[in-house]
Amino acid sequence: MKKKINLNLTSEQKLVLFEDGTELPGSSELNTEKREGTYHCVNCGERLFDSNTKYESGSGWPSFYQSLPDVFETKTDYLLGYARIEYHCRKCGGHHGHIFEDGPKPTGKRYCNNGACLIFKLKK
């Protein structure tokens, strides 16, 4: 997939989205976001998560147990020496985080997302 980069992104957003970087744990103001709404890709605006699937994982990054349908592509990442599943926005190719199998019911999944890659929009 050809990556389409929004020219208004910060250097941190570009690093995380297109160079597989990671923001510091606990650094995102979205960690404490509790209002009803949706989370979108900061690069292309694609809707990725509903707020009702967000939970406090204790990881230091915004976490969700389920994404919206068909919004991500996945691949295996061995960067830390072991297999992890990373996910990318299907629309723009931006890297958002990793999926772990330690989340809550009903899915048992934890989408561990870099907050720098998300925009929160309040439900109207």
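Which residue pairs have Cβ atoms under 8 Å apart, sit 6 or more places apart or on different chains, and have a first residue in region 10-21 that is without any contact (Cβ under 8 Å) to a residue 24 or more places away in the chain and a second that is among the small types (Gly, Ala, Ser) and in a loop (DSSP other than H, G, I, E, B)?
Pairs that qualify, where the first residue is without any contact (Cβ under 8 Å) to a residue 24 or more places away in the chain and the partner is among the small types (Gly, Ala, Ser) and in a loop (DSSP other than H, G, I, E, B), are Leu15/Gly21.
Looking at region 96-119, which of the residues that are part of a strand (DSSP E or B) and either in contact with a Pro (Cβ under 9 Å, 6 or more places away or on another chain) or among the β-branched types (Val, Ile, Thr) (or both) is surrounded by the fewest Cβ atoms within 10 Å (Cβ to Cβ)?
Ile119
Determine if region 78-87 includes at least one residue that is in contact with a Phe, Trp or Tyr (Cβ under 7 Å, 6 or more places away or on another chain), assigned to a strand (DSSP E or B) and not aromatic (Phe, Trp, Tyr).
The answer is no, given that none of the residues of region 78-87 is in contact with a Phe, Trp or Tyr (Cβ under 7 Å, 6 or more places away or on another chain), assigned to a strand (DSSP E or B) and not aromatic (Phe, Trp, Tyr).
Give region 19-58 a look and list any residue that's over 13 Å from the mean Cα position of the chain (by Cα), surrounded by 13 or more Cβ atoms within 10 Å (Cβ to Cβ) and farther than 25 Å from Thr107 by Cβ, or say none.
Once the filter is applied, which keeps residues that are over 13 Å from the mean Cα position of the chain (by Cα), surrounded by 13 or more Cβ atoms within 10 Å (Cβ to Cβ) and farther than 25 Å from Thr107 by Cβ, region 19-58 yields only Ser27.
Restricting to region 1-18, what's the tally of residues that are surrounded by 11 or more Cβ atoms within 10 Å (Cβ to Cβ) and β-branched (Val, Ile, Thr)?
2
How many residues are in contact with a helix residue (DSSP H, G or I) (Cβ under 9 Å, 6 or more places away or on another chain), over 22 Å from Val71 (Cα atoms) and part of a loop (DSSP other than H, G, I, E, B) if we restrict to region 1-24? Lay out the reasoning, then the answer.
Going residue by residue through region 1-24, those that are in contact with a helix residue (DSSP H, G or I) (Cβ under 9 Å, 6 or more places away or on another chain) are 3, 5-6, 9-10, 12-13, 15-17, 21-23.
Subsequent filtering for residues that are over 22 Å from Val71 (Cα atoms) retains 10, 12.
Those left that are additionally part of a loop (DSSP other than H, G, I, E, B): 10.
So the answer is 1.
Read-outs: derived from the displayed coordinates by stated rules, not from any lab. Since the structure is predicted, the reported quantities are computational estimates derived from the model, not experimental observations. Cβ coordinates were reconstructed from backbone atoms using ideal geometry, including for glycine residues, and neighbour counts include every protein chain displayed.
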